[in-house]
Structure formats: structure tokens, C-alpha cells
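Novice: Below: one structure in C-alpha cells.
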Amino acid sequence: MKYNGRVIDIHSHVMHPESISLRAEVAKFEPDFKILYEDPSSRLASTEDVLSHMDECDIDASVLLGFPWRSERLLKEHNNMILAASQKEQDILFALPCIYPFSDNAKDEAARCLDSGASGLGEVGLYERDLDSEYIDAMSPVMKICLERSKPLMLHVNEPVGHDYSGKAPISIKGIYDFIKAYPENKIILAHWGGGLLFFDLLKKEAKNLLKNVWYDSAASPYLYDKRIWNTAVSIVGADKILFGTDFPLLKAKKYISEIEESGLSTSEMELILYKNAESLLQLQTEF
């Protein structure tokens with residue numbers, strides 16, 4: 001079924017200009033950046049690249065993500081960059097700034113960004129470890145800030161099995177589940193189909209209720225999953241819990257849209273996934 005409606009991409013990466021022009025140097029002191037982007041073939045995008053992608057693929061609005069820099073300078077400058085872009089391009093660009101959970105300033109930076117117009121926080125994650133108890137505890141002040149302001153947090157997770165790739169962290173289903181169990185009232189977006197956690201919504205006890213405030217985005221889906229994931233995910237968690245995200249510049253939107261159109265989903269289901277859920281969850285003020 002051809003889709004002719006609105007599209008909001010909630011998972012677009014833009015990088016700090018310094019990390020683009022000085023990739024090798026930045027990788028020397030930023031271990032997470034090194035894992036993901038030290039390879040020169042790994043794509044890095046600017047705000048202008050995102051706008052071009054939107055024009056090319058008929059995307060009405062995009063959500064720009066921050067990065068969990070350990071350098072407080074890079075973190076703040078990157079967050080300021082995407083906040084400024086969202087203020088300059090109101091109605092079409094929105095910001096999810098990031099924090100590094102083990103920073104002494106994580107709570108203050110989260111509050112500053114949310115009070116400066118951010119739609120939430122993201123994509124928060126580590127790439128060298130599981131979501132263990134130390135990580136979960138460190139996130140407590142940030143999760144409290146998000147809960148108080150009723151803003152979602154996008155968490156980087158990935159599937160614990162399958163092929164290896166740059167940035168695939170040693171994250172377990174139990175780690176993801178324990179994180180949500182620690183913050184059940186928070187609105188949480190799990191990137192990359194939740195690393196497969198959505199399948200456990202079929203469990204008869206505890207899980208379905210615990211996951212009530214969890215949404216799943218489709219970032220990198222054509223790279224990771226068979227296209228049957230769209231129908232399967234809708235049948236398990238419902239179209240109202242799925243958010244369209246491309247993981248740009250890793251992949252462009254056209255491949256995703258083609259898969260969705262071929263999935264057999266109804267127009268109303270596609271509308272929920274492709275823009276309505278994002279508008280509601282992120283409280284986006286758009287004028288299409």
C-alpha cells in the first residue's frame with residue numbers, strides 16, 4: 001500500500017564539527033566514539049546533511065540526537081548545537097541532547113537541556129559494557145529529571161546475538177529489562193527494536209505491565225532484521241508503541257518506507273508509526 005502521509009524520523013545523528021574534521025584525534029580520547037567512528041568509512045553527518053536527507057526522502061521532521069561524550073566540553077557544545085538547530089528550524093527539527101551518566105554534571109546537563117526546549121534525551125548509551133547495576137544506579141538522577149518533566153529518554157540497546165558490527169555493545173536482554181524495572185514510570189524509547197526485548201511482551205506475567213511506558217524505534221532495521229519485523233512487532237506490542245527512526249546517516253529513509261508499504265499494515269497503523277506516535281510522545285509542535 002502506497003503511503004502518502006507525514007513522516008517524522010526520530011533517530012537522526014549529527015556530529016560535533018570537531019569530530020568530523022578531526023576524527024582520528026577525537027577517537028584517541030573518546031572510547032565510545034572510537035568504537036563507532038574511528039573507521040573512516042563510518043559516516044558522520046552535519047545538520048545540513050540531515051536537511052538534505054529530509055528533502056531527498058520526503059521527511060517532514062527529524063529529531064537530532066546527541067552523543068554521550070565523556071569530554072564535558074564536547075558534550076555541552078554538541079548539545080548546544082542541536083538545540084540551536086531545533087530553534088532555528090522550528091517545526092522541522094527537534095533535539096534529544098545527550099548525557100554521559102558517569103559525569104558529575106549529568107543531572108545538571110539533563111536539566112539544562114530539557115529546560116532549554118529539548119524534546120527529551122538521547123541517544124544515551126555506553127558501548128563497552130552491559131546495562132549493569134552500576135550503570136543503572138548512575139542514571140538515577142537523570143531519570144528523575146526526565147520523570148519530573150515528563151520527557152522521554154532514548155536508550156541505546158542492541159540485540160545480544162547475531163552478526164558483529166561497529167558499536168554492537170555487550171548488552172543483554174536482562175540488562176535492558178533490569179533498567180526498565182528500575183524506572184518503570186519513566187517514558188523510555190528503546191532504540192533498534194529494543195534489542196529484541198519487544199518479543200518478551202508476550203510473557204504472561206510481569207513483563208507486559210512493566211513495559212507499559214516503553215516504545216521501540218526502528219533505527220537500522222533493514223540492516224538488522226528481516227522486513228517481517230514490521231508486522232511481527234505490530235502484532236506483539238501494537239502500532240502505537242513503534243516509532244520510525246532511520247539511524248541516519250547509516251541508512252536513508254527510502255528503504256524503510258518501501259518495507260513498510262510492502263508490509264500489509266493499514267494506513268492508520270502506518271500513520272501511527274511514521275508520525276503520530278512521535279508527535280504525541282515527544283510533544284512535538286509541528287506545522288505540516
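Novice: Treating the beta-carbon of each Lys and Arg as +1 and of each Asp and Glu as -1, no other charges, what is the dipole magnitude of the range 1-42 about its Cα centre, to the nearest 20 debye?
Specialist: So the magnitude is around 300 debye.
Novice: Rounded to the nearest 5, what % of the DSSP beta bridges within the chain are antiparallel ones? Please list the in-between numbers first.
Specialist: Numbers: 0 of 19 bridges.
Approximately 0 percent, going by the DSSP bridge assignments.
Novice: Quick check: net charge around L147, other residues with Cβ under 12 Å of its Cβ, Lys/Arg +1 and Asp/Glu -1?
Specialist: Working: positive: K144, R149, K151, K187; negative: E148, E185.
Result for the neighbourhood of L147: +2.
Novice: Evaluate the charge dipole of the range 8-107 about its Cα centre and quote only its size in Debye, nearest 20, assuming +1 on the Cβ of each Lys and Arg and -1 on the Cβ of each Asp and Glu.
Specialist: With Lys and Arg at +1 and Asp and Glu at -1, about 540 debye.
Novice: Which net charge results when you count Lys and Arg as +1 and Asp and Glu as -1 among the other residues whose beta-carbon is under 10 Å from that of E38?
Specialist: That sum, taken over residues with Cβ under 10 Å, equals +1.
Novice: How big, in percent, is the set of alpha carbon pairs in the range 189-250 lying more than 15 Å apart?
Specialist: Pairs farther apart than 15 Å: 45 percent.
Novice: Which residue, N79, A61, A111, has the largest displacement toward the positive end of the dipole of the range 8-281 when charges sit on each Cβ (Lys, Arg +1; Asp, Glu -1)?
Specialist: It is A111.
Novice: Right, next: What size of dipole, in debye to the nearest 20, comes out for the chain about its Cα centre when the only charges are +1 on Lys and Arg C-beta atoms and -1 on Asp and Glu C-beta atoms?
Specialist: Using only the charged Cβ atoms, the result is roughly 640 debye.
Novice: What is the Cα convex hull volume of the chain when expressed per residue in Å³?
Specialist: Measuring per residue, one finds 118 Å³ for the Cα hull of the chain.
Novice: If each of Q285 and V161 carries a label point 7 Å out from its Cα toward its Cβ, how far apart are those two points in nm?
Specialist: So the two model labels end up 4.7 nm from each other.
Novice: Which pairs in the list K205/K276; K187/K227; K254/K276; K107/K241; K187/K255; K34/K174 are over 21 Å apart, alpha-carbon to alpha-carbon?
Specialist: Values: K205/K276 29 Å; K187/K227 27 Å; K254/K276 19 Å; K107/K241 27 Å; K187/K255 28 Å; K34/K174 26 Å.
Checking Cα-Cα distances, K205/K276; K187/K227; K107/K241; K187/K255; K34/K174 exceed 21 Å.
Novice: Over the range 8-281, what relative contact order in percent results from Cα pairs under 8 Å that are six or more residues apart?
Specialist: Result for the range 8-281 is 18 percent.
Novice: A further question follows. Any idea what the relative contact order of the range 136-288 is, in percent, if you count C-alpha pairs under 8 Å spaced at least 6 apart?
Specialist: Computed over the range 136-288, the figure is 19 percent.
Novice: How much net charge surrounds H13 when only other residues with a Cβ under 12 Å from its Cβ are counted (Lys, Arg +1; Asp, Glu -1)?
Specialist: -3
Novice: In whole angstrom, how far apart do the alpha carbon centroids of the range 257-279 and the range 190-236 sit?
Specialist: 15 Å
Novice: Okay, next question. If each DSSP helix of 4+ residues adds -39,500 (n - 2.57) and the sum is divided by the residues in the chain, what number results at 222 nm, nearest 500 deg cm²/dmol?
Specialist: Mean residue ellipticity at 222 nm (helix-derived): -11000 deg cm²/dmol.
Novice: Compute the normalised compactness of the range 4-88: alpha-carbon radius of gyration over 2.2 N^0.38 Å, N being the residue count.
Specialist: Output field value: 1.15.
Novice: Determine the gain in length on full extension of the stretch S268-K212; use 0.36 nm per residue of separation and subtract their C-alpha separation, reporting nm with one decimal.
Specialist: 18.0 nm
Since every read-out is calculated from the coordinates, none of them should be taken as a lab result. Since the model is a prediction, treat every value here as computed from it, not as a measurement. Glycine gets a Cβ as well: all are built from the backbone with ideal geometry, and neighbour counts include every protein chain shown.
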